[in-house]
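Visitor: My questions all concern the structure below.
Just so it is clear, none of the values below were taken in a lab; they were calculated from the coordinates. Since this is a predicted model, take the numbers as computed values, not measurements. Quick reminder, even Gly has a Cβ in these numbers, built from the backbone with ideal geometry, and neighbours come from all protein chains shown.
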2 protein chains.
Amino acid sequence: MKGIVYLLCTVVALTGVIVYVARASDHGDGEASPIFAIKMPPGYREWKLISVAHEAGNNNDLRATLGNDLAIKAYREGKLPFPDGTIIARLAWSYVSSEENNAVFGRDQSFVAGAPINVQFMVKDSKRYVATGGWGFAQFKDGKPDDKAQLNTCFPCHKPASARDFVFTHYSP
Amino acid sequence: MKGIVYLLCTVVALTGVIVYVARASDHGDGEASPIFAIKMPPGYREWKLISVAHEAGNNNDLRATLGNDLAIKAYREGKLPFPDGTIIARLAWSYVSSEENNAVFGRDQSFVAGAPINVQFMVKDSKRYVATGGWGFAQFKDGKPDDKAQLNTCFPCHKPASARDFVFTHYSP
């Protein structure tokens with residue numbers, strides 16, 4: 001019953017858009033992001049590091065993934081699927097050539113994190129987000145839900161990672 | 001007296017090598033790294049993230065800098081110099097093209113952290129390490145002091161960052 005109350009899934013056949021109406025997540029403060037209704041998890045910036053990457057795509061970013069305690073524990077134990085309550089944060093900054101570092105190194109080799117781009121979250125709740133592999137997705141910019149985010153495109157892209165519970169990032173020791 | 005006992009500085013004029021003999025740092029367990037006698041700080045992998053970077057130099061690495069509570073506090077307050085007891089950890093992994101991610105993105109854009117390369121530390125102790133800007137330097141590989149590390153070259157390279165207390169990495173919010 002709770003599941004039905006919280007999760008109303010409407011498949012709009014013509015557009016192929018999956019619309020969810022979910023009760024606002026009790027995680028976090030502030031405005032909730034659309035579709036999955038996730039608020040920014042408090043204290044995410046303090047979480048432990050999972051890994052880092054350079055995504056040379058449209059944004060060309062340097063990124064760090066951080067995880068709450070449940071996320072880190074699951075990664076280190078190598079246990080899938082991630083348990084309910086797992087939250088993974090992906091922080092991204094612009095990929096910037098560092099003139100001051102290059103001056104010291106004597107060559108152009110140093111690329112550092114510039115201005116923040118946005119922060120994305122994956123929140124595991126296997127009942128609430130049953131139609132998207134148990135994960136809710138959110139994106140924030142400057143502390144607010146990012147209205148440019150196309151959150152209905154998150155899960156289709158993550159689907160190929162189904163063998164790893166839809167999570168791309170590996171843990172770096 | 002304590003300073004003299006702990007810190008014996010011998011400048012070898014012909015070679016230009018500065019040799020320090022310091023009491024083994026009471027941080028950490030295991031073998032101490034040479035010159036600055038720093039043991040691996042326990043629990044460094046749990047520390048909070050300072051920033052990330054891609055250093056396309058000899059190692060071609062992706063790196064994350066983590067800081068203990070004193071480091072993070074100083075960064076966030078914008079207060080220099082860093083206080084004694086500050087420790088900054090630089091974790092580096094090889095910069096690797098991710099085939100599995102590229103397959104999803106449909107193009108070669110994803111570079112992730114591969115095998116660990118080494119971990120470096122800067123430890124602030126303005127009395128013990130007075131001749132190197134107050135910082136001791138250490139490098140570990142697979143949990144042991146890295147015998148390939150040329151720790152006497154660390155400070156000369158960091159000297160240009162004197163206006164920022166010899167630390168290159170900026171904090172990424």
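Visitor: Quick one: in region A:144-172, which of the residues that are in a loop (DSSP other than H, G, I, E, B) and within 10 Å of chain B (Cβ to nearest Cβ) is surrounded by the most Cβ atoms within 10 Å (Cβ to Cβ)?
Guide: A:T169
Visitor: Let me ask something else. Residues in region A:57-89 that are in a helix (DSSP H, G or I) and under 13 Å from A:F121 (Cβ atoms): how many?
Guide: Qualifying residue count for the region: 1.
Visitor: Within region B:43-66, identify whether any single residue is more than 11 Å from every other protein chain (Cβ to nearest Cβ) and closer than 21 Å to A:W93 by Cβ, and answer yes or no.
Guide: Checking region B:43-66: not a single residue is more than 11 Å from every other protein chain (Cβ to nearest Cβ) and closer than 21 Å to A:W93 by Cβ.
Visitor: While we're here: Does B:K127 satisfy the criteria of being assigned to a loop (DSSP other than H, G, I, E, B) and not acidic (D, E)?
Guide: yes
Visitor: Restricting the first residue to region B:104-115 and requiring it to be more than 7 Å from every other protein chain (Cβ to nearest Cβ) and over 18 Å from A:T153 (Cα atoms), which pairs with a second residue that is among the aliphatic types (A, V, I, L, M) and part of a strand (DSSP E or B) meet a Cβ separation below 9 Å and a spacing of at least six or different chains?
Guide: Listed by first residue and then by second, the contacts come to B:G114/B:L62; B:G114/B:V96; B:A115/B:V96.
Visitor: Oh, and also: What do you reckon, is B:I88 among the β-branched types (V, I, T), in contact with a Gly (Cβ under 7 Å, 6 or more places away or on another chain) and closer than 21 Å to A:N102 by Cβ?
Guide: yes
Visitor: In the set B:R76, B:R128, B:R90, B:R63, which member is surrounded by 18 or more Cβ atoms within 10 Å (Cβ to Cβ), in contact (Cβ under 8 Å) with a residue 24 or more places away in the chain and over 16 Å from the mean Cα position of the chain (by Cα)?
Guide: B:R128
Visitor: Pairs under 6 Å by beta carbon, first residue closer than 13 Å to A:I88 by Cα in region A:134-153, partner among the charged types (D, E, K, R) and assigned to a loop (DSSP other than H, G, I, E, B), six or more apart or different chains?
Guide: A:Q139/A:D146
Visitor: Now a separate question. What is the residue count in region B:132-143 for residues that are small (G, A, S) and within 11 Å of chain A (Cβ to nearest Cβ)?
Guide: Counting residues in region B:132-143 that are small (G, A, S) and within 11 Å of chain A (Cβ to nearest Cβ) gives 1.
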